[in-house]
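What follows is a short report on a single structure.
Bear in mind these aren't lab numbers, they're just calculated from the coordinates by the rules spelled out. Note that the coordinates shown come from a computational prediction; the quantities given were computed from them, not determined experimentally. FYI the Cβ positions are ideal-geometry reconstructions off the backbone, even for glycines, and counts take in every protein chain you see.
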Amino acid sequence: MWLLRFVPKKTKIDFVRVRWIGFIFTAVTILATIGSLAVQGLNLGIDFTGGVLVEVRKEEGSVDIAQMRETVGSLGFGEVAIQSYAGGELCAATADSCVLIRVMPEGGIAGKEQETVTKIREALGAGYAFDRVEAVGPKVSDELFNDGVIATILAVLMIAVYVAFRFEWQFGIAAVVATGHDVFVTLGLFTLLQMDFNLTSVAALLTLAGYSINDTVVVFDRIRENRRKYKKMPLSEVINLSTNETLSRTIMTSLTTAIAIIPIVFLGGPALFGFSVAILFGIVIGTYSSIYVAAAILLYLPPISGMTPDEDAAARAAARP
Amino acid sequence: MIALICIVATIFALPNFLPQSARDALADFLPPNTMNLGLDLSGGSYLLLEVETEVAVKDRLESMRGDLRKRMREEGIGFSSFQVGTDTISFRLIDLAQLDAARTAIGDLIGGNFGSAAEFTLQISDSGDAVLTLTEAARAAIASGAVDQSIEIVRRRIDELGTREPTIQRQGANRILVQVPGLSDPERLKALLGKTAKLEFRFIDESMDVTAALQLGPPPGSEVLPSEEMGPDGQPFQFLVQKEVIVAGDRLTGAQQGFDERNRPAVLFSFDTVGARRFGDATRENVNRLFAIVLDGVVITAPRINEPILTGSGQITGSFTVESANDLAILLRAGALPAPITIEESRTVGAELGADSIVAGTNAAIAGFALVVVLMLLVYGLFGIFANIALILNLIIIVGIMTALQSTLTLPGIAGIVLTMGMAVDANVLIFERMREEVAQGRSVISAVDAGYNRAMSAIIDANLTTLLAVLILFQLGSGPVRGFAVTLGIGITVSMFTAIMVTRLFVIYWLWGRKPKALPI
């Protein structure tokens, strides 16, 4: 039977030697993320800012956005964002029939979110279906934000502790750096594209933290196995050998998960779009980081017990400016 | 064993795929439940309420102050500068000779005998300064009681609206989570929940003009309250009302919307016996005086007592519409909240959008499933078929467990199931890749299969446990849709360890046994 293979049977890519390409790529993505976070920050959703979000659909015909802007603007809420959006089947029937209205708490509505919703309903009048209405008070949004940050950091740390416990502490550090890298760079995707960052986005980041470590674990597992097998082999060669040996499964596991999630990107509707894009992006980044971040970091950490230290590699690393 | 698990799961999962008519026809011994749909799929409202428990604490302190004053007057103990703080009541004894008498009197009042803990602690200095402090335990008990009572009142108010199957649960120390499926216009519910509904019948203080009271300050024992009606200047009318309450809303036995003699909407009410007697006495002794019906500090109406009202029933008229009269009747029937409630968070999804999401989620899931199945078949052939059968079993078991546990399926939850499909076959990928490797090293078929399962195991367990760790944290963090995602992904991954490893191994062993192959088709 003919079977499909994405990776040749035996690869001999010298990952360790070309690691500087990886380092440059990693440095660029991280700098871009930091820069974008500093300049434009995250496009926080109302889960984290508080405020009001309403998705309305005109039951017949399309919405005159300029007029709606005037109607809602005259209510005196200050900062109001109004835009049409393409939703699922419901909105597809007529062009521009779905509109998203978002009122920021800076408009003086903090603590008065519920009244704001009522006023918008009254101002728009009949003929509109309110598909989604969310009003989040300042207390809840602050809590959600703090909880989200704590949960993400906690997840990365717990995974690192688990890996350190299962392997050795050097692997734990490499795992925390790799997982943190994946989460951070995915955050970069959110800030660069100014995608709406809400609770579901945090869910995507946490899932990613748990999943992107999988490839790393597979490589680490093989490094551990190979180091018992070839006691004399220098670390850089063990890493190279292990990465090559596991390459086909690293790619296959990422591929199966990626193709499962792709339909959600296109068919899942706006509520799941950011979530699925983030996970898809994270899967790709996670595969890359298992090889170029996690395994490479092992080279620069104190030697793993029972393994021949790779003095050569360390010396070369030190010599590089 | 494996077969048994699969059969049980199928029985639980089955109703989800049958139309209602077929479900009704199912035999009685089969579980008829389907999965619980989250509000984002069924449509409905999610409200997070916060009870202002400090108001309940304040009320307790105020009532204690009343008891204290009364008691000390009875005992003839002189006092001055009474003050109520956030959790203290303080005053000063005028005559230091009464120190011991005051101790005994207050000690009686705050109790703490017979093994029950006292609500207050008392400190009196030698200079006569007395401070009663509410204990931390009592404070917590009052707050907790207020939340419990609020949950009960909220439940009654929602039930009055006739909505189906609301979920009302306590969250944290002072919050209440309300979920009402199918309610797409929660504005009326929010208006109903936001009102304390503290109804009081009091006399109007006619000893002073309202404008004079506003300028000079109200006489002791009275206060100025706004009216519900607006004056010509766009500001509400003001009334000077006595603080003393004749009868309060807790003495009502019934309230309903009706019409007054001029056919305007009104609320008809009746008192219990105690309330009826008090109201009767008060009206008999005060014919021709004005009294006020006060709701949450606002005067609804201020009629004149034309004759004693001894029947124990009456009507409230005001600027009502039929709906607002009906709402007030609901509030009065359900009772007053022990403390005000604020709505901290509300999320509503329309039923149409929910239905749309179900279609979108299902389509995405089917497409994802098809892609995974085809990929596994192309890459691993026969073994891919084994993995695909295990994947289908995995899905059936997830649905079965979720139905049996009645956990909630949300839109992100569907994404969780899709993600599970991708992750579940990962275990098979690891196993099959390992087999390929072992075969490449020249091992026999049986030992390659054996090595594939054994050696891949530790990586599979590590990989799944790390994902479960993240899911666990997510479950703690999230509510509603996000929690639904954590639930499906968590169940999915756990089940996948069973199906992807045990089930496929079973197939592979049977295949080895039956065919005795010379080479692995992998």
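The ranking of B:Ser324, A:Ser62 by Cβ neighbour count inside 10 Å, starting from the fewest, reads A:Ser62, B:Ser324.
Rounded to the nearest 20, the Cβ-based charge dipole of chain A about its Cα centre (Lys and Arg +1, Asp and Glu -1) stands at 1940 debye.
Multiplying each eigenvalue of the alpha-carbon gyration tensor of region B:46-177 by 5 and taking the square root yields semi-axes of 39, 13, 12 Å, largest first, rounded to whole angstroms.
Go ahead and collect, in residue order, the members of region B:153-171 whose backbone nitrogen is under 18 Å from a label point 7 Å along the Cα-Cβ direction of B:Ala248. B:153-154, by backbone N distance to the label point. Distance distribution P(r), region B:395-522, all Cα-Cα pairs, bin width 10 angstrom from 0: 13, 38, 26, 16, 7, 0 percent. For the residue pairs A:Lys9/A:Lys229; B:Lys190/B:Lys243; A:Lys139/B:Lys190; A:Lys119/B:Lys195; A:Lys229/B:Lys518, alpha carbon separations beyond 25 Å are given by B:Lys190/B:Lys243; A:Lys229/B:Lys518. Per-residue shielding of B:374-381, expressed as the average number of other chain Cβ atoms within 10 Å of the residue Cβ, stands at 4. For B:Arg284 and A:Ser74, a Förster radius of 60 Å and the Cβ-Cβ distance give a FRET efficiency of 0.65, rounded to the nearest 0.05. Once the Cα atoms of helix B:2-13 and of chain B are each reduced to a long axis, what angle between those two axes, in degrees from 0 to 90 to the nearest 10, is obtained? Approximately 40 degrees, to the nearest 10. Take each peptide in B:91-98, A:91-98, count the other Cβ atoms within 10 Å of every residue, and average; sorted highest first, the result is A:91-98, B:91-98. Using bins of 20 Å that start at zero, the share of Cα-Cα pairs per bin across chain B amounts to 17, 34, 25, 17, 7, 0, in whole %. Packing, as the average of other Cβ atoms within 10 Å across residues, places the peptides B:275-288, B:68-81 in the order B:275-288, B:68-81, highest first. Placing +1 on the Cβ of every Lys and Arg and -1 on the Cβ of every Asp and Glu, with nothing else charged, gives the protein assembly as shown a dipole about its Cα centre of roughly 4120 debye.
For chain A, the percent of C-alpha pairs falling in each 10 Å distance bin, counted from 0 to the bin holding the largest distance, reads 5, 22, 26, 19, 13, 9, 5, 1.
Its alpha carbons considered, the protein assembly as shown gives a radius of gyration followed by a Dmax of 34.5, 110 Å.
Take every Cα pair under 8 Å whose residues are at least 6 apart in sequence, average their separation, divide by the length of chain A, and the relative contact order is 23 percent. In plain terms, the bigger the Kirkwood radius, the slower the diffusion; for region A:51-136, with that radius from Cα pairs, at 4 °C and 1.567 mPa s, Stokes-Einstein puts D at 101 µm²/s. Enclosing the Cα atoms of region B:195-346 in their convex hull gives a volume equal to 145 cubic angstrom per residue.
Across region B:195-346, Cα pairs under 8 Å and at least six residues apart give a relative contact order of 31 percent. Rounded to the nearest 10 degrees, the inclination of helix B:481-496 to the longest alpha-carbon principal axis of chain B is 30 degrees.
Considering region B:233-297 at the alpha-carbon level, its Rg and Dmax are found to be 14.0, 42 Å.
Counting Cβ atoms of other protein chains within 10 Å of each Cβ in A:55-61 and taking the mean gives 1.
Projecting label points 7 angstrom from Cα along Cα→Cβ for A:Ala32 and B:Thr362 puts them 4.0 nm apart.
Over region A:168-229, Cα pairs under 8 Å with separation of 6+ residues give a relative contact order of 42 percent.
Full extension of the chain between B:Ala212 and B:Ala191 yields a length gain of 4.1 nm, computed as 0.36 nm times the residue separation minus the alpha carbon distance.
Derived from the Cα gyration tensor, the three semi-axes of the equivalent ellipsoid of region B:391-455 are 35, 12, 7 Å, largest first. Charges were assigned to the Cβ only: +1 to each Lys and Arg, -1 to each Asp and Glu. The resulting dipole of region B:127-178 about its Cα centre is roughly 220 debye.
A Förster radius of 45 Å combined with the Cβ-Cβ distance from A:Ala93 to B:Phe259 puts the calculated FRET efficiency at roughly 0.50.
Where the centroid of each part is defined by its Cα atoms, how far is region B:285-336 from region A:1-33 in Å? Each part reduced to its Cα centre gives a spacing of 78 Å. Taking Cα atoms only, the orientation of helix A:169-192 departs from the longest principal axis of chain A by about 30 degrees.
The residue list A:Leu235, A:Val99, A:Ser254 was ranked by how far each Cα lies along the charge dipole of chain A toward its positive end, using unit charges on Cβ atoms, and A:Leu235 comes out on top. For the peptides A:283-291, B:408-416, the ranking by mean Cβ contacts within 10 Å, running from highest to lowest, is B:408-416, A:283-291. Per residue, the convex hull around the alpha carbon atoms of region B:120-203 comes to 143 Å³.
Across peptide B:333-344, the average count of Cβ atoms from other chains found within 10 Å of a residue's Cβ is 2.
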